[in-house]
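First up is the structure itself, then whatever we jot down about it.
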Amino acid sequence: MTATKLNLADWHDAARAQLSEAAYAYYASGANDEITLRENRLAFDTIALRYRVLRDVAVRDISTNILGARVSMPVVVAPTAFHQLADPDGEVATARAAEAAQTILTLSSLSNRAVETVVASTAAPVWFQLYVYRDRTITEAMLDRVEAAGCQAIVFTVDAPLLGRRERDLRQAFSWPTEFQVENLLPLDHPEAATAGTGADLATYFSTLLDPAIRWRDLEWLCARSSIPVLVKGIVHPDDARLAIEHGAQGVVVSNHGGRQLDTAVATIRALPDVAHVLARLDTSSGAPPTLLLDGGVRRGTDVVKALAYGADGVMIGRPVLWGLAAEGEAGARAVLELMRNEVDLALGLCGCRSVAEVSDDLLVPPPR
Ligand SMILES: Cc1cc2nc3c(=O)[nH]c(=O)nc-3n(C[C@H](O)[C@H](O)[C@H](O)COP(=O)(O)O)c2cc1C
């Protein structure tokens with residue numbers, strides 16, 4: 001009999017029991033000493049909630065709009081690579097779980113299943129996480145595919161001009177299984193896709209694709225080239241958040257890549273208040289405030305409430321979805337998302353809020369600024 005899983009830590013344990021050591025290390029690890037990986041989580045615990053009472057929370061609705069999409073909760077799926085390490089259906093299983101949970105799936109550039117297949121398999125809104133490669137024709141071809149497939153936004157990841165070094169992962173000598181396809185990496189009809197898109201060669205090949213010379217004007221190029229909104233993921237500095245919007249992005253994701261890139265980078269919930277402060281004061285062409293999301297270490301409904309109270313429109317979760325998928329496939333990923341929805345609903349209600357709109361920074365101790 002499987003043990004009852006009451007929280008995301010239980011799902012983590014269940015996944016660990018299913019995965020090979022190498023696959024577990026690939027999913028779980030952070031860069032170097034894993035200080036940022038730990039701090040992302042621990043920083044939430046240093047913030048207290050000054051809840052309100054006697055506010056009639058009998059009827060609550062935690063659904064919200066994120067970048068024009070209606071979602072059942074302010075929690076969406078972060079882009080993570082290689083879902084076939086967890087489940088043979090890979091990102092198709094995750095996409096179906098997102099549909100059942102009525103939220104958004106962000107598909108990684110390094111997904112095992114092609115963007116066209118994933119979008120066709122689900123009614124969930126799909127965003128596509130994009131890197132801008134050295135060879136802009138690869139990026140352009142990818143953009144065309146993503147738009148034609150029906151993705152609703154681009155999530156441009158900017159915290160990986162170079163790949164961080166995950167020592168826990170290196171010790172396991174994780175190599176990408178040879179039967180793996182990474183179908184988005186090159187256009188499907190590209191002759192190199194067949195060979196470079198599989199197995200151990202892929203890791204080396206991918207690092208040669210990344211462009212360490214990437215800069216702000218490349219974001220401007222991407223926003224001009226894209227017919228769908230662009231969010232910039234990997235921001236922790238308020239000046240970078242402002243620059244992202246000034247260069248055409250419709251929003252930012254405060255993220256440090258789940259502690260996988262620069263170790264000792266600031267915990268995201270600590271970076272959020274300054275970013276929110278700057279974005280709230282920007283004049284945007286549409287007049288609408290930029291979209292603001294956060295990820296990294298979100299494991300409890302109360303973490304979500306804290307991010308909302310600091311001014312985020314919602315959060316992304318990365319590893320927990322992988323844990324659900326590894327433990328029980330599509331049903332597990334769905335259960336993880338539903339667990340989060342229930343926790344957010346309970347935390348909001350106990351704070352005296354009936355909706356996301358009722359959350360304010362007045363709930364936070366210490367206050368944001
Ligand atoms: C196994 C794994 C693979 C990831 N792959 C990507 C990726 O391909 N692109 C990307 O932008 N972020 C990637 N990320 C970072 C996530 O999008 C996200 O920022 C992070 O997982 C959030 O932290 P959490 O796992 O603590 O929720 C990955 C994270 C993990 C754990």
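The values are calculated or read from the model by the stated rules, or taken from the named source; none is laboratory data. Since this is a predicted model, take the numbers as computed values, not measurements. No Cβ is skipped: glycine too gets one built from the backbone with ideal geometry, and neighbour counts run over all protein chains shown.
Of the residues making up region 54-73, those that are closer than 21 Å to residue 300 by Cβ, in a loop (DSSP other than H, G, I, E, B) and not charged (D, E, K, R) are 57, 62, 63, 72, 73.
Pairs are defined by a Cβ separation below 8 Å, a sequence spacing of at least 6 or placement on different chains, a first member in region 233-260 that is without any contact (Cβ under 8 Å) to a residue 60 or more places away in the chain, and a second member that is assigned to a strand (DSSP E or B) and of a type in the set (Asp, Glu); the pairs so defined are 254/295.
Condition check for residue 168 on (1) within 15 Å of the ligand (Cβ to nearest atom); (2) surrounded by fewer than 21 Cβ atoms within 10 Å (Cβ to Cβ); (3) assigned to a loop (DSSP other than H, G, I, E, B): one failure, at (3).
Of the residues examined, residue 240 is not one that is touching a helix residue (DSSP H, G or I) at 6+ places or on another chain (Cβ under 8 Å) and either assigned to a helix (DSSP H, G or I) or of a type in the set (Asp, Glu) (or both).
Residue 70 meets all of the listed conditions (1) surrounded by fewer than 22 Cβ atoms within 10 Å (Cβ to Cβ); (2) touching a helix residue (DSSP H, G or I) at 6+ places or on another chain (Cβ under 6 Å) but one, namely (2). Summed over region 303-329, the residues that are assigned to a helix (DSSP H, G or I) and either buried (at least 20 other Cβ atoms within 10 Å of the Cβ) or within 14 Å of the ligand (Cβ to nearest atom) (or both) give a count of 17. Applying the condition of being closer than 28 Å to residue 165 by Cα and part of a loop (DSSP other than H, G, I, E, B) to region 285-299 and asking which residue is farthest from the ligand (Cβ to nearest atom) yields 299. Search region 220-234 for residues being part of a helix (DSSP H, G or I) and more than 16 Å from the ligand (Cβ to nearest atom), and hand back the single one that is nearest to the chain's Cα centre (by Cα). Selected residue: 223. Restricting attention to region 266-279, the residues that are of a type in the set (A, V, I, L, M, F, W, C), over 14 Å from residue 240 (Cα atoms) and either surrounded by fewer than 23 Cβ atoms within 10 Å (Cβ to Cβ) or out of contact with any helix residue (DSSP H, G or I) (no Cβ under 9 Å at 6 or more places or on another chain) (or both) add up to 1.
Matching residues to (1) among the small types (Gly, Ala, Ser); (2) touching a Leu at 6+ places or on another chain (Cβ under 7 Å); (3) modelled with pLDDT under 95:
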site	(1), (2), (3)
121	yes, no, no
152	no, no, no
165	no, no, yes
179	no, no, yes
182	no, yes, yes
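Among the residues making up region 40-84, a single one is farther than 26 Å from residue 156 by Cβ, of a type in the set (D, E, K, R) and within 16 Å of the ligand (Cβ to nearest atom): 45. Taking each residue of region 345-369 that is touching a residue at least 12 places away in the same chain (Cβ under 8 Å) and in a loop (DSSP other than H, G, I, E, B) and looking for partners that are aromatic (Phe, Trp, Tyr) and buried (at least 17 other Cβ atoms within 10 Å of the Cβ) with beta-carbon atoms closer than 7 Å, six or more apart or interchain, yields 368/310. For residues that are away from the ligand (no atom under 14 Å from the Cβ) and of a type in the set (A, V, I, L, M, F, W, C), scanning just region 1-34, find the one that is modelled with the lowest pLDDT. It comes out as 1. The residue pairs whose first member lies in region 118-141 and is without any contact (Cβ under 8 Å) to a residue 60 or more places away in the chain, whose second member is away from the ligand (no atom under 16 Å from the Cβ) and among the charged types (D, E, K, R), and whose beta carbons are closer than 7 Å, counting only pairs six or more residues apart or on different chains, are 121/96; 122/96; 122/99; 123/99; 124/99. Checked against the criterion of being within 16 Å of the ligand (Cβ to nearest atom) and among the hydrophobic types (A, V, I, L, M, F, W, C), region 273-284 contains one or more residues that satisfy it. What residue, among those in region 103-144 that are surrounded by fewer than 18 Cβ atoms within 10 Å (Cβ to Cβ) and of a type in the set (Gly, Ala, Ser), is nearest to the ligand (Cβ to nearest atom)? Checked region 103-144; the qualifying residue nearest to the ligand (Cβ to nearest atom) is 141. Only one of (1) touching a residue at least 24 places away in the same chain (Cβ under 8 Å); (2) surrounded by fewer than 18 Cβ atoms within 10 Å (Cβ to Cβ) is not met by residue 285, so which one is it? That leaves (1) as the condition not met.
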